[in-house]
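Below is one structure, written out as structure tokens; comments come after it.
A short reminder: the numbers here are calculations on the coordinates, not readings from a lab. Keep in mind that what you see is a predicted model, and the values were worked out from it rather than measured. Neighbour counts are summed over all protein chains in view; Cβ atoms, including those assigned to glycine, are modelled from backbone coordinates with ideal geometry.
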Amino acid sequence: MEIFSVNHESPLPLHVQVENILRHLISESEYQNGKLFPNEVDIAKRLGISRNTVRQAINKLVYEQLLIRKKGVGTKVAKNNITTKLNKWSSFTLEMHEKGVAFKNYTIKAEWVLSDPEVSELFGISLHSKVLKLERLRGLDVGPIVHFVSYFHPRVGLTGEEDFSKPLYEMLERDYHTVVAISKEEICATIADEGLAGILHTKVGDPILLRKRKVCDPGDRLIEYNLGYYRADRFTYAIDIARG
């Protein structure tokens, strides 16, 4: 298998490269159906690295609840999980399609802007570097529900001329070989200022659900910083949590 190799000359740490290999294996049907992963010793020998490096990578995926490791049995893919820390996570487009909801794009605007201090720090780039900013106002026939503001790391290679009405993460993987693996989210309550009230067709001071999403690749490198401003009267964010 071509994917089952590491680049010892790469600046990407070996344990991260092994994580990427294991994430690829997780998605394969044979492992989804219960086949045991190769053991640490076999992986280490095949890659020409230490067993501790392999263990570090496996520990990370066990922590993310993507793998289950049982002593004396082996390591298997956790059932009903995908390669994110959320039980059900995808682009807004796919989420709505899966629910059978006919949403619409009210506005889509992509432009190059100079990075502010927050974006510069998150991306690890110089202040006032050029980054692509994408704004999308989306909702139903009755009116807008959410205003998305996304910033993309320059390494992705977006031009701003893409068709952003299509599922975003499918496009990133297909056209830019950028695989989305993890979403790190913060959710808080805020209120609509004059600008947001005008965009979301609500009143100044009305409650707004603010979701900050940091989308990373399998190497835990930030791809997208997304701010989602949801009308609290038209959107509910539900999370299922199983008792540990």
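Points worth noting:
- Seen from Leu61, the other residues with C-beta closer than 10 Å to its C-beta sum to a net charge of +1, counting Lys and Arg as +1 and Asp and Glu as -1.
- For region 139-155, 3J(HN,Hα) computed residue by residue from phi via the Karplus equation (6.51, -1.76, 1.60; θ = phi - 60°) reads x, 10, 4, 6, x, x, 10, 9, 10, 9, 10, 10, 10, 10, 4, x, 5 Hz, glycine and proline entered as x.
- Solution diffusion estimate, µm²/s, Stokes-Einstein, region 92-231, Kirkwood Rh from C-alpha pairs, 20 °C, viscosity 1.002 mPa s: 135
- For Ile191, distant residues with modelled amide H under 5 Å away: Ile208
- Each peptide in 171-181, 57-67 receives the mean, over its residues, of other Cβ atoms within 10 Å, and ordering these scores from highest gives 57-67, 171-181.
- Relative packing of peptides 201-208, 9-16, 27-34 - highest average C-beta neighbours within 10 Å first: 201-208, 9-16, 27-34
- Gained length - Asp206 relative to Tyr106, 0.36 nm times residue gap less alpha-carbon distance: 33.9 nm
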